[in-house]
Amino acid sequence: MTNAEKMDTSKKHENLVAYEGVELLSNFSPSEFERYCDHKLSTCDKHIQFIKNYCLSSNWQGVVCEVGSGNSKLLYRLELEKLLTCGYGVEASYSRYQFAQKFKNYVASTKVKNINSDLFDLQPLQQCDMIIGVDVILQLISPMSDNAEQQLLSWCFTSLKEQGYLLLEMVDYSSIVAQLPLNDGMLQTWKKFPHSDPFEYILCKVFENENRDLRWEKTFLKRNSLDKEYSTNILRPYSKSQIINLLKETGFAQVSIFDKWCDDGEVDDNGEYIVLAQK
Ligand SMILES: C[S@@+](CC[C@H](N)C(=O)[O-])C[C@H]1O[C@@H](n2cnc3c(N)ncnc32)[C@H](O)[C@@H]1O
């Protein structure tokens, strides 16, 4: 695919194009790039601790695929922890893929392969020990089409070896859904980013769309500047029992829910929980 085709986002679902331009390398000076990467690697402590606690067994091989891998920070952390034989990061956004490639050089990764593609354009992989979908990836991909949810889960199931793990990070949006009718159907939220981020704040307007998915209209305010950027995500507000049933229907033998990553790890207390399913 040429770069011009990569940038032709006109016919794609909003969620697929929402991350075009995210982590654009031109937003970072060399020292900012390094500071940002170091911070991103440190945010993976909770994932690493969880994987060490719950997923490693004596026959662990460490073939891991991350779906919607962003800058591939978690795959690089797994490699740095010597937990990876081979890692695949599948990421649709070209700017994030480019960032991930530069990040790869920064950490001298030899085991992670970044793939710039829509997951649905890829055949399932084979014999993976683990598939990771962190930061609401199932909730983000499911609204993309009528069968996206089942396609994604089947892709993951087929890619895994027997007893392989699917690790999903989800957010429980039930309190947002409950607040909407009390606010004329629309909530406004905001969050401050850490100092290493070129953006300082994100402001969101949240409301339900016709499918009862949550539409998040986001405004990003740049640090030390009046510049703004905008994007939209549509996220599916699953209940925990819904996600357990879906994974069992897909064929997973065991499904467990963890309300936080680990007892003493960093926890975002905004409804985040972890789903671990074993084939
Ligand atoms: C919420 S971000 C999470 C990024 C990363 N996992 C993290 O934790 O930082 C979701 C990512 O999934 C990517 N994405 C969304 N749909 C995708 C698809 N169908 N195929 C591949 N990547 C996708 C987006 O471009 C975005 O970078």
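Dipole size in debye (nearest 20) for the chain around its Cα centre, Lys and Arg Cβ +1, Asp and Glu Cβ -1?
For this selection, approximately 480 debye.
Mind checking which of 116, 245, 71 has the largest fluctuation in a GNM of the chain, springs on alpha carbons under 10 Å?
In this elastic network of the chain, the residue with the biggest mean-square fluctuation among 116, 245, 71 is 245.
Provide, as a two-decimal number, the C-alpha radius of gyration of the chain over 2.2 N^0.38 Å, N being how many residues it has.
0.98
Okay, helix-only estimate at 222 nm for the chain: each DSSP H run of n ≥ 4 adds -39500 (n - 2.57), divide by all residues, round to 500 deg cm²/dmol; what do you get?
Computed mean residue ellipticity for the chain: -8500 deg cm²/dmol.
Sort 223, 77 so the one with the fewest other Cβ atoms within 10 Å of its own Cβ comes first.
So the residues, fewest neighbours to most, are 223, 77.
Hey, how much of the P(r) for the stretch 88-149 falls beyond 17 Å, as a percent of Cα pairs?
Within the stretch 88-149, distances greater than 17 Å cover 49 percent of Cα pairs.
Below 8 Å between Cα atoms, with a sequence gap of 6+, how large is the relative contact order for the stretch 155-279 in percent?
Worked out over the stretch 155-279, it gives 29 percent.
For residue 105 and residue 182 in the same chain, what is the full-extension length gain: residue separation times 0.36 nm, less their Cα-Cα distance, in nm?
Taking 0.36 nm per residue and subtracting the Cα distance, the gain is 22.8 nm.
Can you pull the one-decimal nm distance between simple spin-label points at residue 222 and residue 147, each 7 Å off the Cα toward Cβ?
If labels sit at residue 222 and residue 147, their model points lie 4.3 nm apart.
Can you run the Rg to Rh ratio on the stretch 28-122? Use alpha carbon positions and the Kirkwood inverse-distance Rh.
Ratio of gyration radius to Kirkwood radius: 0.97.
Please arrange 186, 170 by how many other C-beta atoms lie within 10 Å of their C-beta, fewest to most.
186, 170
Which residue fluctuates most in the GNM of the chain (Cα springs below 10 Å): 91, 32, 20?
32
If I take every Cα pair under 8 Å that is 6 or more residues apart in the chain, average their sequence separation and divide by the length, what percent do I get for the relative contact order?
With pairs under 8 Å counted, the relative contact order is 18 percent.
Please report the antiparallel percentage of the DSSP beta bridges confined to the chain, to the nearest 5.
Rounded to the nearest five, the antiparallel share is 65 percent.
Taking neighbour Cβ counts within 10 Å as the exposure measure, how do 94, 238 sort from fewest upward?
94, 238
Counting only other residues whose beta carbon sits under 12 Å from that of residue 215, what net charge do I get with K and R as +1, D and E as -1?
Charge balance in the 12 Å sphere: -1.
Would you please name the GluC sites (Glu not before Pro) within the stretch 163-226 that are DSSP coil residues with at most 12 other C-beta atoms within 10 Å of their C-beta?
210
Between residue 201 and residue 242, take the C-beta separation as r, use R0 = 45 Å, and let me know the FRET efficiency to the nearest 0.05.
The calculated FRET efficiency here is 0.90.
Mind checking the log10 I(q)/I(0) for the stretch 176-229 at q = 0.16, 0.19, 0.22 Å⁻¹? Debye, one equal scatterer per Cα, no solvent, two decimals.
Values returned for q = 0.16, 0.19, 0.22 Å⁻¹ are -0.55, -0.68, -0.79.
With label points built 7 Å along Cα→Cβ from the Cα atoms of residue 163 and residue 81, find their separation and express it in nm.
Between residue 163 and residue 81, the label points sit 2.0 nm apart.
Just going by the charge dipole of the stretch 176-229, with Lys and Arg at +1 and Asp and Glu at -1 on Cβ, which of 198, 176, 219 is farthest out on the positive end?
198
With each pseudo-label sitting 7 Å past Cα toward Cβ, what's the residue 257-residue 232 distance in nm, one decimal?
Label-label distance for residue 257 and residue 232, simple model: 3.0 nm.
Coordinate-derived values only; no laboratory data. Here the structure is a predicted model, which means the values were calculated and not measured. Positions of Cβ are generated from backbone atoms using ideal geometry, with glycine treated the same way; all protein chains shown enter the neighbour counts.
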